[in-house]
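Novice: The structure that follows is given in the form of structure tokens.
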Amino acid sequence: MTDIRTFIEGLPKTELHLHIEGSFEPELMFEIAKRNNIEIPFSSVEDLKKAYSFNNLQEFLDIYYQGANVLITEQDFYDLTWAYLTKVHEQNVVHIEIFFDPQTHTDRGISFDTVIKGIKRALEDGEKQYGITYILIMSFLRHLDETSAFNTLEQAMPYKDWIKAVGLDSSEVGNPPSKFERVFAKAREEGFLTVAHAGEEGPAEYIWEALNLLQVVRNDHGNRCMDDEKLVEHLVEIQMPLTLCPLSNLELKVVRDLRDHPIAKMMDRGLLVTVNSDDPAYFGGYMNENYLGIAEALDLSKEQITQLAKNGFTASWLPEEEKTRRIREIETYYQNN
Ligand code: ADE
Ligand code: ZN
């Protein structure tokens, strides 16, 4: 019998909720800042890491956008993405569906092409060298206005083949999904799938809006659905995937302690919940650390951990036969470990 840590490390995993800008490790940030001649308002990596202490989502976002400021060239975006792929490959992550936030960069004069070409080239190399399959999701910043989102959608048109879905992130409270109803309608018309962050800090009502107004096929976070019994029943019935991010929830004070994390209760209710890292460079852990964190805090069994890993594939947009193959692989792994 393998111990829980080794069991988690060996499991084939998906990552369905990851902001590539949130994987920007301080060491790489300093290296890229230096080659681009950009000042970081921190004297060292240690000094910067000390600033990674947040009371809420907004305090984190302020630092996260500041960090992204040093990304200028296509090579910078390549290096950022490559570092993430190398890391998750070591953790036996085999399939990723990741966000990028174009407006974070286009708003400071970096072209959409530069951003997406750097990220895409690294993803292609990751598939070749590590065998990691991938899907790219373009996320709109909800604190910006509808016009900016429409402009971003327009810029994405030449890259339709590279982007499977659009998402919605950034400051949730006060920026409900309804603000982007028309942009999402246009995106769907153009053939994109839709997802949205809803019910992280915002109320259960935002999850209803994401479902009914944005017609999401997956909901990012969604912890707050537990406040609304009717919503839970509905999410169970339609088996709507929820991409939970335990260490993110802890660091952004969505939960006070990992022992209070709702993931086990949600699983017991029959919700299709998955484990993800969100912004691993800022929240102290990639996939294995997220799994291990909840496994230890909630005393999860290997069976429950196995179910979470299977859910990751079920909730992914891999072809059905690939999902089935991976789920069987996980079942065999569980039997043998
Ligand atoms: N952007 C990056 N991480 C985010 C999160 N956890 N919530 C909303 N927007 C984000
Ligand atoms: Zn997120």
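Novice: Which ones in the range 124-170 are of a type in the set (K, R) and either under 30 Å from V94 (Cβ atoms) or modelled with pLDDT under 95 (or both)?
Specialist: Once the filter is applied, which keeps residues that are of a type in the set (K, R) and either under 30 Å from V94 (Cβ atoms) or modelled with pLDDT under 95 (or both), the range 124-170 yields K128, K160, K164.
Novice: Do we find that L141 is surrounded by fewer than 22 Cβ atoms within 10 Å (Cβ to Cβ), of a type outside the set (D, E) and within 16 Å of ligand 2 (Cβ to nearest atom) in this structure?
Specialist: yes
Novice: Got a sec? Which helices (runs of 4 or more DSSP H) wholly within the range 65-143 have at least 1 residues that are under 16 Å from the mean Cα position of the chain (by Cα), of a type in the set (V, I, T) and away from ligand 1 (no atom under 15 Å from the Cβ)?
Specialist: It comes to 74-90, 112-130.
Novice: Would a scan of the range 15-22 turn up a residue that is away from ligand 2 (no atom under 16 Å from the Cβ) and in contact with a Leu (Cβ under 7 Å, 6 or more places away or on another chain)?
Specialist: The answer is no, given that none of the residues of the range 15-22 is away from ligand 2 (no atom under 16 Å from the Cβ) and in contact with a Leu (Cβ under 7 Å, 6 or more places away or on another chain).
Novice: Can you list residue pairs whose Cβ atoms sit under 6 Å apart, with the first residue in the range 41-61 being within 16 Å of ligand 1 (Cβ to nearest atom) and the second being modelled with pLDDT of 95 or more and of a type in the set (S, T, N, Q)? Count only pairs 6 or more apart in sequence or on different chains.
Specialist: As it stands, the answer is Q58/S171, since those pairs meet every condition given.
Novice: Which of the residues spanning the range 248-268 are of a type outside the set (S, T, N, Q) and in contact with a Phe, Trp or Tyr (Cβ under 8 Å, 6 or more places away or on another chain)?
Specialist: L250, E251, L252, K253
Novice: Related question: For Y282, state whether it is more than 14 Å from ligand 1 (Cβ to nearest atom), under 16 Å from the mean Cα position of the chain (by Cα) and either farther than 20 Å from L61 by Cβ or touching a residue at least 12 places away in the same chain (Cβ under 8 Å) (or both).
Specialist: In short, no.
Novice: Follow-up question, since we're still on this one. Pairs, please: C-beta under 9 Å, at least 6 apart or cross-chain, first residue free of Cβ contacts under 8 Å to residues at least 40 places away in the same chain and part of a strand (DSSP E or B) and in the range 208-225, second away from ligand 2 (no atom under 13 Å from the Cβ) and not hydroxyl-bearing (S, T, Y)?
Specialist: Close Cβ pairs (under 9 Å, with a partner that is away from ligand 2 (no atom under 13 Å from the Cβ) and not hydroxyl-bearing (S, T, Y)) amount to N219/I207; N219/A210; N219/L211; N219/C225; N219/L235; N219/M240; N219/P241.
Novice: Still on this model: Which residues, counting only those in the range 227-242, are surrounded by fewer than 20 Cβ atoms within 10 Å (Cβ to Cβ) and not in a helix (DSSP H, G or I)?
Specialist: Within the range 227-242, D228, I238, Q239 qualify.
Novice: Does L193 meet the test of being under 18 Å from H17 (Cα atoms), surrounded by fewer than 22 Cβ atoms within 10 Å (Cβ to Cβ) and in contact (Cβ under 8 Å) with a residue 60 or more places away in the chain?
Specialist: Here the answer is yes, as L193 does meet what is asked.
The values are calculated or read from the model by the stated rules, or taken from the named source; none is laboratory data. On a predicted model such as this, the values are computed, not experimentally measured, just so you know. Methodologically, a virtual Cβ is constructed for each residue, glycine included, from the backbone with ideal geometry; neighbour enumeration extends over all protein chains shown.
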